[in-house]
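Just below is one structure, and these are the notes that go with it.
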């Protein structure tokens, strides 16, 4: 009879510290490198003026947000930050965070470190009614 082998899936650990960007000057300008050969998930978030993401936290990933446009507004653990374009903002695992669209729309480059899953979201506040009753009492286990 064939022997059964247990399959163990391992996921990358989320970063505890923000990466140190590498800036390389070139004759045509420059490039900014945020990660090199790391398993990450990369998205561009587009936030409309007057809208906001839910106040949320994650148990299995940290995030680096890099605003691409003027007007970014970030809330992290109750503090409001208005970073300039290309000014990175690090969100550690478990931090309550959101993007807020104030008077103008903007884009943010999001780099997620660790295990990325859209279900790894605990919503604490959400103007679109997506907070589940069982989530209100939960907090990410970090």
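The values are calculated or read from the model by the stated rules, or taken from the named source; none is laboratory data. Keep in mind that this is a model prediction, so the values were computed, not measured. Ideal geometry is used to build each Cβ from the backbone, glycine not excepted, and the neighbour counts take in all protein chains shown.
Screening residue 104 against (1) surrounded by 13 or more Cβ atoms within 10 Å (Cβ to Cβ); (2) out of contact with any strand residue (DSSP E or B) (no Cβ under 8 Å at 6 or more places or on another chain); (3) part of a strand (DSSP E or B) leaves a single unmet condition, (3).
Among the criteria (1) surrounded by 12 or more Cβ atoms within 10 Å (Cβ to Cβ); (2) at pLDDT 95 or above, the one residue 11 does not fulfil is (2). Say whether the condition of being surrounded by fewer than 16 Cβ atoms within 10 Å (Cβ to Cβ), over 26 Å from residue 129 (Cβ atoms) and modelled with pLDDT of 95 or more is met by at least one residue in the range 43-61. There is no residue in the range 43-61 that is surrounded by fewer than 16 Cβ atoms within 10 Å (Cβ to Cβ), over 26 Å from residue 129 (Cβ atoms) and modelled with pLDDT of 95 or more. If I filter the range 89-100 for residues that are in a strand (DSSP E or B) and in contact (Cβ under 8 Å) with a residue 60 or more places away in the chain, do I get at least one hit? Yes, because at least one residue in the range 89-100 is in a strand (DSSP E or B) and in contact (Cβ under 8 Å) with a residue 60 or more places away in the chain. The range 16-65 holds strands (runs of 3 or more DSSP E) entirely within its bounds, and those carrying 1 or more residues that are farther than 20 Å from residue 108 by Cβ map to 22-26, 29-33. Please verify whether residue 5 is loosely packed, with under 13 Cβ neighbours inside 10 Å, within 14 Å of the chain's Cα centre (by Cα) and in a loop (DSSP other than H, G, I, E, B), treating the condition exactly as stated. It is false that residue 5 is loosely packed, with under 13 Cβ neighbours inside 10 Å, within 14 Å of the chain's Cα centre (by Cα) and in a loop (DSSP other than H, G, I, E, B).
Cβ-Cβ under 9 Å, sequence separation 6+ or interchain: first residue in the range 26-51 and touching a residue at least 24 places away in the same chain (Cβ under 8 Å), partner exposed (fewer than 12 other Cβ atoms within 10 Å of the Cβ) and in a strand (DSSP E or B). Which pairs? Listed by first residue and then by second, the contacts come to 32/22; 32/23; 32/24; 34/22. If you check residue 117 against the conditions, is it within 14 Å of residue 14 (Cβ to Cβ), part of a loop (DSSP other than H, G, I, E, B) and in contact (Cβ under 8 Å) with a residue 40 or more places away in the chain? For residue 117, the condition - within 14 Å of residue 14 (Cβ to Cβ), part of a loop (DSSP other than H, G, I, E, B) and in contact (Cβ under 8 Å) with a residue 40 or more places away in the chain - is met.
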